[in-house]
Amino acid sequence: MRQVFLDHQSATPLLPAVFEAMRPYFTEAFGNPSSLHHHGLRVRDALKQARQQMAALIRADSEEEIFFTSDGTESANLAIKGVAYANERKGKHLVISATEHPSVMNSVEFLEKQGWTCTRVGVDSEGIIRLDELQAAITPQTVLVAIHHVNHDIGAIQPIREVGRICAEKAVPLYVDCEASAGWLPVDVKEFGAALVSFSPHRFYGPKGVGVLYRNKKARLVSIIHGGVQEGGRRAGTENVPAIVGGGVAAAVAVTELDSRAKHVAELQARLWEGLRSKIRFIKLNGPEPGPKRVPTNINISTEFIEGEGQLLMLDHQGFAVASGSSCVSKSLKISHVLGAIGLDHALAQGNIIMTLGKDNTVEDVDYTVETFARIVTKLRGMSPMWDEFERGVIDSVIAPTGRGKSFSQHAADVSGKPAH
Amino acid sequence: MSDTYTLYNPTVMEHFMNPRNMGDLKDADGVGEVGAAACGDIMKISLKIKDGKIEDARFKTFGCGSAIASSSMATELIKGRTIDEALKFSNQEVVDALGGLPPVKIHCSVLAEEALKAALEDYVKKHPEAASQVGAVSAVAA
């Protein structure tokens, strides 16, 4: 069966050159970079080269500003807890947006239980941070502002240079989570005014098992994992050498291919949304329209009157890999907090599907996706009491209200005895 | 697609991909529609009842794979049962017949039980004469 992979936000296949570069570091170059003999020194050199390649991707001045972690989640934990603990005496207040990745949200929640406070800055209906709220949120006690570059769920690109200017004026370090942008959009730590930046090579054809944290030398950061003196004392533990080497090569390729990859997926993104919008009624794009405010890899849609997990399963059955922010796919039975933060109606959040494009997707893939998805929507709507009740005028559409029938949420509350959350 | 790696077991997947008894009954004797406050899923079951027995059942579901499979299996299981028997129906029967559901999805089978019982209640409301035929029904209708 034909396979179409549309979940590049979760993983990408290794570039063959990356795989080849990693291979010797599993076997003949197996040394530990902390060792003082030639086996160790050999891989130490390899780490230095990878650091330079990572620094080049985000236009950092020096490879000494690059720390390796195990993944994006660890980078976020280190950035937030490491800065918070280092500046404890200065103040115990943090500022983040309401749509950060769970690794940021939950690191902050952990600190709140220990006496820190946090202000969560709201976003507009497209998911773009409210700069006036950000400006007002920063106090003399604020030790860190954490705002992502691109939203992991809805692809919204934040006005990060403006965020950086506000933080510079207030002299508060800024941590920018670039997990959803690095390798696809230009990242420039100085233009961003970022003290810390994180990204992961597995999002751009590198391996899993390595995360990157950039830290400007002026920003104070303490280790949260204790042990030996690896990574300049900022992250104890033996480095994952093969993954770091592979990640470095993936970063180097991303530097040269970034523009052509971005152009390619942007064309597919526009075609995909245009196809879905024209073929399927009562469908909504979450986040900004394709263009300068949206990362070119991401399409996040809500299809009304049907639920997301069912869509995902049927797509999987037909060979398509996608993701969903529906409550039914989450272990907590909660909708994606990003969809909640942009004020999306609960019923629409239930019908959510996320498609993320990659360099190997084709125009044919996109057309085939639209055609298959339209069939799946018809099938699931045929099974949905909501679609039937909409057609009979019992409930109304949220996306395109007809003025007849009650809201879906009201109906859900009526039949469940409790309001939908 | 992979047959080896599916989110649910083969029975659940089969009932999701090829649901039994999907649709509405035009001249239904009882219809129940319930929603799950936890996740937002909605399930509707229609029954055709004759001589105190469930002759036919149909479902429509707004929900995940396990919710659709649960409603498909529940409607299969209750066909041919008397109202008395159907009132004792438990979600565990659905879980067992499906060969198990992930713990976080057990509530989908509960929703199927609730939809069935709501349809039986609706039947008794519409057919008060049936209450005298069936002892346990009056308790539900009250």
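A few notes on this one:
- Kirkwood-based shape ratio for region A:198-345, expressed as Rg/Rh from alpha carbons: 1.05
- Rg and Dmax, both from the Cα atoms of region A:41-159 and both in Å, are 16.3, 52.
- Under 17 Å from a label point set 7 Å out along the Cα-to-Cβ vector of residue A:165, the amide N atoms of region A:126-141 belong to A:129-136.
- Within region A:239-295, the percentage of alpha carbon pairs spaced more than 17 angstrom apart rounds to 57%.
- Under the criterion of Cα pairs below 8 Å and six or more residues apart, the relative contact order for chain B equals 27 percent.
- When only Cα pairs below 8 angstrom with a gap of at least 6 residues are kept, chain A shows a relative contact order of 19 percent.
- Rg then Dmax, both in Å and based on the Cα atoms of region A:258-416: 15.8, 52.
- Spatial separation of Cα centroids for region A:38-109 and region B:18-35, in angstrom: 55
- With pairing defined as another cysteine C-beta under 4.7 Å, the cysteines of chain A that fail it are A:118, A:167, A:178.
- Here chain A is described by how far its Cα atoms reach on the three principal axes: 76, 53, 34 Å, from widest to narrowest.
- Using a probe of 1.4 Å, the accessible surface attributed to residue A:330 totals some 30 Å² when neighbouring protein chains are kept in position.
- Cross-link partners for residue B:88 among the lysines, with Cα-Cα distance under 24 Å and sequence neighbours closer than 8 places in the same chain left out: B:44, B:48, B:50, B:53, B:60, B:79, B:105, B:117, B:125, B:126.
- More than 18 Å apart - percent of Cα-Cα pairs taken over region A:158-268: 58
- Rounded FRET efficiency, nearest 0.05, which uses the C-beta distance separating residue A:363 from residue A:410 and R0 of 41 Å: 0.45
- Cross-link reach list, lysines versus residue A:113, counting only Cα pairs under 17 Å and skipping chain neighbours closer than eight places: A:81, A:92
- Each of A:125, A:330, A:114 was scored by the projection of its Cα onto the charge dipole of chain A, and the greatest displacement toward the positive side belongs to A:114; charges sit on the C-beta of Lys, Arg, Asp and Glu.
- Taken along the Cα-to-beta-carbon direction at a fixed 7 Å, the label points for residue A:132 and residue A:35 span 6.2 nm.
- Lysine pair count for region A:258-416 [Cα-Cα under 23 Å; pairs on different chains or 8 or more apart]: 8
- Within the protein assembly as shown: Cβ-based charge dipole about Cα centre, in debye rounded to nearest 20 (Lys, Arg +1; Asp, Glu -1): 1180
- Each DSSP beta bridge with both residues in chain A is either parallel or antiparallel, and the antiparallel ones are about 50%.
The values are calculated or read from the model by the stated rules, or taken from the named source; none is laboratory data. Here the structure is a predicted model, which means the values were calculated and not measured. Because the Cβ atoms are built from the backbone with ideal geometry, glycine has one as well, and the counts that use them run over all protein chains shown. Surface areas here come from the heavy atoms of the whole protein model, side chains and all, with no ligands, DNA or RNA. Shrake-Rupley method; radii C 1.70, N 1.55, O 1.52, S 1.80 Å.
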